[in-house]
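The values are calculated or read from the model by the stated rules, or taken from the named source; none is laboratory data. Just so we're clear, the structure is a prediction, and the values are computed from it rather than from any experiment. Cβ placement follows ideal geometry from the backbone for every residue including glycine, while neighbour counts extend to all protein chains displayed. The area values use the complete protein model at the heavy-atom level, side chains included, leaving out ligands, DNA and RNA. Shrake-Rupley method; radii C 1.70, N 1.55, O 1.52, S 1.80 Å.
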Amino acid sequence: MRLVLVGPPGAGKGTQASFISAHLGVPKISTGDMLRAALAAGTELGKEADRFMKDGKLVPDSVVIGLVKERVAQPDAKNGFILDGFPRTVAQADALDALLTGLGTPLEKVVQIDVSRDLLEERATLRRTDKRTGHIYHLKYSPPPLDAELEHRADDQPETVKKRLDQYDAMTAALLPHYEKLGLLRRVDGVGSPKEITSRILAALDH
């Protein structure tokens, strides 16, 4: 199964990618993991990506696609893979499609995890970190003990969360219609227990 998993920040995409990866026996591939591995290995693409990052610039699509090409050629991806968080734009999707079709391993499914904007904001803005232990609590769903020394991280401040979601929406606005047109898109309800959501994703992959 060659799959792209799509979802806004806070939708639980990373968690689901790990569960589905274990269930299907295929690797979870994220751009962050690929970049870190390329930097650690000192590959040419890793060095190129590093130059952009050191200048505070986004790594170009051509470099990311190069990393994807190297990664999907590895033995553990021969039966498929789950791309987590890439592509995010139609240009990236077209480049990925050209790469995978050229390799004779076209994309099979794209799953979008749907969670309402209000709930995404609630999930993020009510998170608190215990400064002593680094443990993350949620004021509503996983309340901290009374003696916890709580910190509200900058990433979880309401304005930051809203900005991050706005950026995601703007970047991916054309992506879902693109995959829908190709008949690859499946949407699942991202509200419920992690196990329930995994079951919905697996059911969506069978259709």
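Points to keep in mind about this one:
- Summed over segment 18-59, the residues that are within 30 Å of Ala204 (Cα to Cα) and among the aromatic types (Phe, Trp, Tyr) give a count of 1.
- Looking across segment 143-202, the residues that are part of a helix (DSSP H, G or I) and of a type in the set (Lys, Arg) come down to Lys162, Lys163, Arg164, Lys181, Lys195, Arg200.
- Verdict on Asp97 being open to solvent by 60 Å² or more (accessible area, probe 1.4 Å) and over 19 Å from Ile29 (Cα atoms): no
- Of residues in segment 16-52 being open to solvent by 70 Å² or more (accessible area, probe 1.4 Å) and touching a residue at least 12 places away in the same chain (Cβ under 8 Å), the one nearest to Thr125 (Cα to Cα): Phe19
- Meets criteria (surrounded by fewer than 17 Cβ atoms within 10 Å (Cβ to Cβ) and touching a helix residue (DSSP H, G or I) at 6+ places or on another chain (Cβ under 6 Å)) for Lys57: no
- Hits in segment 169-196 - residues which are farther than 22 Å from Leu107 by Cα, open to solvent by less than 60 Å² (accessible area, probe 1.4 Å) and touching a residue at least 24 places away in the same chain (Cβ under 8 Å): Gly190
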